[in-house]
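Here, each number is a calculation from the coordinates, and none is a lab measurement. What you see is a predicted model, and the numbers here were worked out from it, not measured in a lab. Glycine also receives a Cβ, built like all others from the backbone with ideal geometry; neighbour counts cover every protein chain displayed.
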Amino acid sequence: LFLQMIIAVVLLHLSAALFPKRVDLPNINMDAAKKLTPVVAVNIIGLVFNTLCLRDVDASFFQIARGMVLPMTIAASSMSTRTTPSVRVLAAAGIVTMGFLLGISPASLMPSRFASANAQSTSVSFISLIYGLMSSLFIAVHSVLIKSSLPHCNGSTIHLAYWTNLGSAIFVAPFVVLK
């Protein structure tokens with residue numbers, strides 16, 4: 001994770017050097033850093049849960065667990081804006097949730113017409129399921145926080161990406177040393 005964030009920061013610097021009229025990096029200041037701490041913290045927590053989930057499951061299950069990002073984003077956005085989603089949005093979230101529930105159900109519960117002849121039953125631990133759901137939750141909260149954080153970056157997504165990656169790298173660095 002640390003290297004991923006450092007590479008993103010380096011690539012942003014490289015892009016700014018190669019395309020100075022198109023890529024503008026923010027000035028580093030503590031006021032902006034403090035205001036962006038919530039989005040950076042939630043980003044780190046989401047990435048940690050992503051990593052923990054991927055450590056214990058295969059990529060197909062990870063995608064099933066991450067499928068809950070849509071319903072959780074709808075819920076987080078609704079709570080943040082204090083609005084009620086339309087019936088169509090709720091129906092879409094319900095379909096995704098049903099897919100999630102079918103995806104995590106044991107193969108023995110599936111009717112035989114849905115199971116392929118070559119399907120292998122994979123066991124997924126409860127903690128892996130929790131990691132996947134927490135990953136989805138924090139990604140959903142992160143998406144809501146991005147919208148509220150953009151004004152602190154003059155509305156620039158490049159500035160926000162820079163701050164998020166730099167801040168995340170700074171917060172993760174001590175854990176790399178302790179590992």
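When the helix-only estimate is applied to the chain (DSSP H runs of n ≥ 4, each -39,500 (n - 2.57), divided by the residue count), what is the mean residue ellipticity at 222 nm, nearest 500 deg cm²/dmol?
-24500 deg cm²/dmol
Mind checking the full-extension length gain between Ile170 and Lys21? Use 0.36 nm per residue of separation minus the Cα-Cα distance, one decimal, nm.
Using 0.36 nm per residue and subtracting the Cα-Cα distance, I get 50.9 nm.
Against the longest principal axis of the chain, how steep is helix 69-81, in degrees 0 to 90 to the nearest 10, with axes from Cα atoms?
In the chain, helix 69-81 runs at an angle near 60 degrees to the longest axis.
Report, in degrees rounded to the nearest 10, the 0 to 90 angle that the Cα long axis of helix 87-104 makes with the longest principal axis of the chain.
Computed tilt is about 70 degrees.
Hey, of (i) 20.3, 60; (ii) 16.6, 51; (iii) 19.5, 60, which did the structure itself give for Rg and Dmax of the Cα atoms in Å when calculated?
Comparing each candidate, only (iii) matches the computed number.
Between Lys34 and Leu150, what FRET efficiency comes out of the Förster formula 1/(1 + (r/R0)^6) with R0 = 22 Å and r the beta carbon distance, rounded to 0.05?
The formula returns an efficiency of 0.85 here.
Between Leu3 and Thr157, what length in nm is gained on full extension when 0.36 nm per residue of separation is reduced by their alpha carbon distance?
Stretched fully, the Leu3-Thr157 segment lengthens by 53.3 nm.
Given R₀ = 35 Å, FRET efficiency for Ala41-Val89 by Cβ-Cβ distance, to 0.05?
0.80
Just add up the charged neighbours of Thr73: K/R +1, D/E -1, any other residue whose Cβ is under 15 Å from the Cβ of Thr73.
Summing Lys and Arg as +1 and Asp and Glu as -1 gives +2.
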